[in-house]
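Visitor: Take this structure first; my questions come after.
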Amino acid sequence: MKRILIPLALVAAPILTQAAEFDVEIHNPTRGLYFTPLLVTAHPAGVTLFETGSAASSELQAMAEGGDISGLVTLLNTAGATTVQDPAAGLLAPGASTTASLNTDNATANTQLSIVAMLLPTNDGFLAINSLDVPTDPGTYTYNLNAYDAGTEANDEIRGSGTPGQPGMPVPPPLDPVLGDNGTGAASTAEGYVHIHRGNLGDTDLTGGDSDIVSTLHRWLNPVARITVTVK
């Protein structure tokens, strides 16, 4: 049974002591991946953005296939979450970092931290940390984030659309000149459930082959991101 963003009112969760103010630095340590606009949120314990092994919601699909976080933001707002949208003001490039500052002083039930963003170039890959307990003691805490696959689109690894349900990968300007073209498709079926991403396969044929992804630049091993939480 799919569960997505269950309001706290429907879950008998206690209100816990938590940090009221904290900063979240997100670092992109990869060689060739870009992060689409990030969603950084502190939310109640009864809320989850996704569950591995279960089908993705339409809101998660929109984020994972096209970088559109608006649907998730709407659901989080309904749940009373404290949310920062797009702290990098666009794509977060390889090697770059950005910081989101959250203040939950007026929302004491928001004890969980979640972060998501689409990974480019991928079909429906995204980085995530899902319902981490926000540390309560002042200090600095570091976490590594894995890449997930929404399971909503085949990982064909060819140029295409970021519209949910349409095949192919969105190609923003920074990626356009470094991707290949005329790939025939690395995979043809979607998995149907959220799971850890297998990573890009790619190839080295810039004018054909199975994939438009360049394996020497865009392959990765988990983790794909690092966050540093500083509790004040």
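Visitor: Which option, (i) 1.07; (ii) 1.15; (iii) 0.99, is the value of Rg/Rh (Cα atoms, Kirkwood Rh) that was calculated from these coordinates?
Guide: (iii)
Visitor: Another question, then. For labels at Asp133 and Arg198 in the simple 7 Å Cα→Cβ model, what's the distance in nm?
Guide: The answer from the label model is 3.6 nm.
Visitor: To continue, here is another question. Hey, how many Å between the Cα centroid of the range 13-82 and the Cα centroid of the range 152-170?
Guide: 22 Å
Visitor: Test of understanding: what is the full-extension gain from Leu206 to Asp23, defined as 0.36 nm times their sequence separation minus their Cα-Cα distance?
Guide: Numbers: separation 183, 0.36 × 183 = 65.88 nm, distance 4.11 nm.
Between Leu206 and Asp23, full extension yields 61.8 nm more.
Visitor: On to the next question. Tell me, in nm to one decimal, what length is gained between Ala89 and Asn77 on full extension, where the rule is 0.36 nm per residue of separation less the Cα-Cα distance?
Guide: On the way: separation 12, 0.36 × 12 = 4.32 nm, distance 2.02 nm.
Gain in length upon complete extension: 2.3 nm.
Visitor: Now for a different question. Along the principal axes of its C-alpha atoms, what lengths does the range 60-189 span, in descending order and rounded to whole Å?
Guide: Projected onto its principal axes, the Cα set of the range 60-189 covers 52, 31, 22 Å.
Visitor: Using a Gaussian network model on the chain with a 10 Å cutoff between Cα atoms, which of Ala64, Ala93, Ala187 fluctuates the most?
Guide: Fluctuation is largest for Ala187.
Every read-out reported here was derived from the displayed coordinates using simple, explicitly stated rules and does not represent laboratory data. Predicted model, so just to flag it, every value in this text is computed and none were measured. Neighbour counts run over all protein chains shown; Cβ positions are idealised from the backbone, glycine included.
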